[in-house]
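Taking it in order: structure first as structure tokens, then the write-up.
Taken together, the values in this text are just the output of simple stated rules run on the coordinates, not laboratory data. All values reported here derive from a predicted model rather than from experimental measurement. For neighbour counting, all protein chains shown are included, and Cβ atoms are generated from backbone atoms with ideal geometry for every residue, glycine included.
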Amino acid sequence: MWDVEEDPSGDLWIATTSGLARWERAKDRVVRHEKLAGTFIRALRFQAKDRVLWIGTADAGLLRLDVSKDEITRFAHDPSQSGSLVDDRVYVLYLDGKDRLWVGTDSGLDRWDAGSFVHFPAEAKDPASLSDGRVRAMAEDDDGSLWVGTSGGGLNRLDPRPAASSA
């Protein structure tokens, strides 16, 4: 088991190396999600306003499961598309205080922004960038700063506000 996420009804979604499962609280039973059988899932985040479960995989990118319709949309890295996911190896997902989805991968940090991804890469020449692209943990503080834990570069503080307001 890699991650567990509770939805508003109290059910638990479970990420495993062989797929997605859901513990249905009302029936006290575990149900495997057959469409994702065999998929190595590392990270989960439930976005309540859209009834969407975001699913980060070990090598198949990011999946968006519309729980109401049981429909899956896949987002993957495409070198020919600058707004595609930066890497298909997803380790962590985070929903910030503004309900924005952040995706930590092996090649940097992405934020889902109205149909495409905004990249926050590690750039050796830029001291304001991530110290390492291998993102493993995220949390937000009371000031809205995002704290990003990396595999080889320690902890980074990212203030997304200046990047959004500069032009």
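Key figures
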read-out: Amide H contacts of Thr105 (H built 1.01 Å from N, under 5 Å, at least 5 apart or other chain); value: Tyr91, Asp110, Val135
read-out: Built amide H within the under 5 Å cut-off of Leu44, gap 5+; value: Gly56, Leu93
read-out: Average Cα contact separation per residue, the chain, under 8 Å, 6 or more apart, as relative contact order %; value: 11
read-out: Dipole magnitude (debye, nearest 20) for the range 76-161, charges at Cβ of Lys, Arg, Asp, Glu; value: 120
read-out: Contour excess over end-to-end distance, with Cα ends at Arg25 and Ala139 and 0.36 nm allotted per residue; value: 38.3 nm
read-out: HN-Hα J in Hz across the range 16-33 - Karplus 6.51, -1.76, 1.60, θ = phi - 60°, x for Gly and Pro; value: 10, 6, 10, x, 10, 10, 9, 8, 8, 4, 4, 9, 6, 9, 9, 10, 7, 8
read-out: Within a Gaussian network of the chain (alpha carbon springs, distance under 10 Å), most fluctuating of Thr17, Thr150, Thr57; value: Thr17
read-out: Extreme residue, positive dipole direction of the chain, given options Trp54, Gly153, Leu65 (C-beta unit charges); value: Leu65
read-out: Cα centroid separation, the range 97-115 to the range 1-22 (Å); value: 20
read-out: Residue-wise HN-Hα coupling along the range 75-82, computed from phi with Karplus coefficients 6.51, -1.76, 1.60 (Hz; x: Gly, Pro); value: 10, 9, 5, 9, x, 7, 10, 5
read-out: Cα gyration tensor shape of the range 76-167, rounded if a/c is under 1.5, else prolate or oblate by comparing a/b with b/c; value: rounded
read-out: Positive-end residue, the chain charge dipole about Cα centroid, Cβ charges, pick of Leu130, Trp23, Leu101; value: Trp23
read-out: Given charges at beta-carbon only (K, R positive; D, E negative), |dipole| of the chain in Debye; value: 320
